[in-house]
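Here the structure comes first, spelled out in structure tokens, and everything after it is commentary.
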Amino acid sequence: MKENELSYRKRVIEKIKPYFAGKTLLDAGCGDGSDSYLLKDYFEKIEAFDIQENEKWKKYSSAGINFIQADVEKLPYSDNSFDVVIEKDMLHHTKDPFFAIKELIRVARKRIILIEANRYNPIFFLHLTLMKGHQHFTQEKFRDIIKSANMNFEIKNFSARVCPFNNKFLISVVNLFSDIAEFLKPFYFFIEYNLGIIFKNGK
């Protein structure tokens, strides 16, 4: 993994790790498994799934991560199977995010961490929404989905982006701008990521 991508992925983990609890994790919509691999330092057991199998799963399975092909709306796990469930940029691809979140909650024992790109971030909107057709959630829609769980929750926002150049200095500059963006309240409408944490059994 290139340094610019690794820096981005580690930044996302830094933003969510205060909400980790317990020993087992389900990585929902894991893609190629890169995030699952980085999360292995925080959990004793990790299960990961995506709707499509990825050839990189074989590589990361050697690290003790179990990958399966599955649909988030029909998860093959029993209730309360995992201490923490994490999804990143998967929920907006589902047919019914309100139903999908119920499935994530069902298999979680303690917490569900939801990370979704903000539709009105200018870069995401041009590149992913207009050009690639991703239906990212607005902050209002994201809140409605979280509230539909009828459980205690927190909603936050954070900035993270992949530096377009694999250069340590430029990576540090991009991260600095992300740090600044998080402190500028007027920028929150455009900030890159919505973060939701659902507490299944209180806080």
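The values are calculated or read from the model by the stated rules, or taken from the named source; none is laboratory data. All values reported here derive from a predicted model rather than from experimental measurement. Note: ideal-geometry Cβ built from the backbone for every residue, glycine included; neighbour counts use all protein chains shown.
Could you tell me how many of the residues in the stretch 171-203 are of a type in the set (A, V, I, L, M, F, W, C) and part of a loop (DSSP other than H, G, I, E, B)? Break it down stepwise before answering.
Initially, the stretch 171-203 is screened for residues of a type in the set (A, V, I, L, M, F, W, C), giving 171, 173-174, 176-177, 180-181, 183-184, 187, 189-191, 195, 197-199.
Next, only the ones that are part of a loop (DSSP other than H, G, I, E, B) stay: 184, 190-191.
The total comes to 3.
Cβ-Cβ below 7 Å, separation at least six or inter-chain, first residue in the stretch 134-152 and without any contact (Cβ under 8 Å) to a residue 60 or more places away in the chain, second of a type in the set (D, E, K, R) and buried (at least 16 other Cβ atoms within 10 Å of the Cβ): which pairs?
Matching pairs, first to second residue: HIS136/GLU116; HIS136/ARG119; PHE137/GLU116; PHE137/ARG119; THR138/ARG119; PHE142/GLU116; MET151/LYS200.
When the stretch 22-38 is examined, which residues are found to be closer than 14 Å to ASN54 by Cα and assigned to a loop (DSSP other than H, G, I, E, B)?
Those that are closer than 14 Å to ASN54 by Cα and assigned to a loop (DSSP other than H, G, I, E, B): GLY29, CYS30, GLY31, ASP32, GLY33.
Which of the following residues is surrounded by 15 or more Cβ atoms within 10 Å (Cβ to Cβ) and basic (Lys, Arg): LYS23, LYS17, LYS45?
Just one listed residue meets the conditions, LYS45.
Could you figure out which of (1) farther than 20 Å from ASN152 by Cβ; (2) crowded, with 16+ Cβ neighbours inside 10 Å isn't true of ILE51?
Here ILE51 clears every test but (2).
Are any residues in the stretch 71-87 outside any strand (DSSP E or B) and surrounded by 13 or more Cβ atoms within 10 Å (Cβ to Cβ), and if so, which ones?
ASP71, VAL72, GLU73, LEU75, TYR77, ASN80, SER81
With the structure loaded, tell me whether LYS59 is out of contact with any helix residue (DSSP H, G or I) (no Cβ under 8 Å at 6 or more places or on another chain) and either touching a residue at least 24 places away in the same chain (Cβ under 8 Å) or basic (Lys, Arg) (or both) or whether it fails that test. Steps first, answer last, please.
Working: out of contact with any helix residue (DSSP H, G or I) (no Cβ under 8 Å at 6 or more places or on another chain): yes; either touching a residue at least 24 places away in the same chain (Cβ under 8 Å) or basic (Lys, Arg) (or both): yes.
It is true that LYS59 is out of contact with any helix residue (DSSP H, G or I) (no Cβ under 8 Å at 6 or more places or on another chain) and either touching a residue at least 24 places away in the same chain (Cβ under 8 Å) or basic (Lys, Arg) (or both).
Within the stretch 154-170, can one find any residue that is among the charged types (D, E, K, R), modelled with pLDDT under 95, farther than 15 Å from GLU14 by Cα and assigned to a strand (DSSP E or B)?
No: zero hits.
Of the residues ALA63, ALA48, only one is outside any loop (DSSP other than H, G, I, E, B) and small (Gly, Ala, Ser); which?
Exactly one of ALA63, ALA48 is outside any loop (DSSP other than H, G, I, E, B) and small (Gly, Ala, Ser), namely ALA48.
Could you please let me know if ILE68 is in a strand (DSSP E or B), modelled with pLDDT of 95 or more and surrounded by fewer than 15 Cβ atoms within 10 Å (Cβ to Cβ)?
For ILE68, the condition - in a strand (DSSP E or B), modelled with pLDDT of 95 or more and surrounded by fewer than 15 Cβ atoms within 10 Å (Cβ to Cβ) - is met.
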